[in-house]
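The values are calculated or read from the model by the stated rules, or taken from the named source; none is laboratory data. Model, not experiment: these values are computed from the prediction. In this analysis, Cβ positions are derived from the backbone assuming ideal geometry, glycine residues included, and neighbour counts consider all displayed protein chains. Please note that ligands, DNA and RNA were not included when accessible areas were found on the heavy atoms of the full protein model with its side chains. Shrake-Rupley method; radii C 1.70, N 1.55, O 1.52, S 1.80 Å.
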Amino acid sequence: MEGIYARSVVEYCERLGGGLFAEPINLLSNVAFLFSAVLIFGLFKNHKKIKNEYRALLVLVLLIGFGSALWHSFRTPFTHALDAIPIYLFLLTLLYLILRNLTGKVTSSLFGVLSFLVLQVIVSVFLPEVLNGSIRHIVNASIFVLLSIWIYRKTKSLDLNLATTLLIYILGIFFRT
């Protein structure tokens, strides 16, 4: 691999070679996304009206599972895009929805998403290899921890689903690093 793409690609210690089972643990971990999509679909069946942005999150969870499985099996620029793009679209959509629910304002929510994007670009350009490339994920987790605190202060209750998801994400960052 040549150029910036080669520098941006993390080599995982579990990589056994090429092909479908090149990174068996990473491949297996993507089953969690597919399982999550099935659970989300089940939740949707219990509700008559589901907004399109929530349907989009379901589709993105599926795309994350498949795209990441392809990336961890077959390392190409195309499979890297199939892995990364759905993840960031999911994060941006989720961030927008949380901000919109907290503020009730579309413009403020879009500004928050744009600020997050700028921060991610800065971190990716200036600190791409910090913590084995995990610095972007630490930024993500930090933003969502701050949002969780904001939600707690606003509602006076802990969202256990969000807290559990954050703990799993932070654990994943630890193992990735």
Is there any pair with a first residue in segment 132-144 that is open to solvent by 30 Å² or more (accessible area, probe 1.4 Å) and a second that is outside any helix (DSSP H, G or I) and of a type in the set (D, E, K, R) whose Cβ atoms are under 7 Å apart and which are 6 or more apart or on different chains, and what are they?
none
Taking the criterion of being out of contact with any Phe, Trp or Tyr (no Cβ under 7 Å at 6 or more places or on another chain), within 20 Å of residue 124 (Cα to Cα) and either touching a residue at least 40 places away in the same chain (Cβ under 8 Å) or surrounded by 11 or more Cβ atoms within 10 Å (Cβ to Cβ) (or both), would at least one residue in segment 154-169 satisfy it?
yes
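Residues checked against (1) open to solvent by less than 100 Å² (accessible area, probe 1.4 Å); (2) modelled with pLDDT under 90; (3) over 18 Å from the mean Cα position of the chain (by Cα):
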residue: 6; (1), (2), (3): yes, yes, yes
residue: 18; (1), (2), (3): yes, yes, yes
residue: 23; (1), (2), (3): yes, yes, yes
residue: 35; (1), (2), (3): no, no, no
residue: 65; (1), (2), (3): yes, no, no
Can you name every residue in segment 59-101 that is farther than 23 Å from residue 142 by Cα, assigned to a helix (DSSP H, G or I) and among the hydroxyl-bearing types (Ser, Thr, Tyr)?
73, 79
Right, residue 86: touching a Phe, Trp or Tyr at 6+ places or on another chain (Cβ under 9 Å) and farther than 21 Å from residue 25 by Cβ or not?
no
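Residue 117: closer than 20 Å to residue 28 by Cα, in contact (Cβ under 8 Å) with a residue 12 or more places away in the chain, open to solvent by 60 Å² or more (accessible area, probe 1.4 Å) and touching a helix residue (DSSP H, G or I) at 6+ places or on another chain (Cβ under 8 Å), yes or no?
The answer is no for residue 117.
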Quick check: is even one residue across segment 108-131 touching a Gly at 6+ places or on another chain (Cβ under 6 Å) and either farther than 20 Å from residue 54 by Cβ or part of a helix (DSSP H, G or I) (or both)?
no
So residue 127 passes all but one of these: (1) in contact with a helix residue (DSSP H, G or I) (Cβ under 6 Å, 6 or more places away or on another chain); (2) open to solvent by 60 Å² or more (accessible area, probe 1.4 Å); (3) under 23 Å from residue 26 (Cα atoms). Which condition number does it fail?
(3)
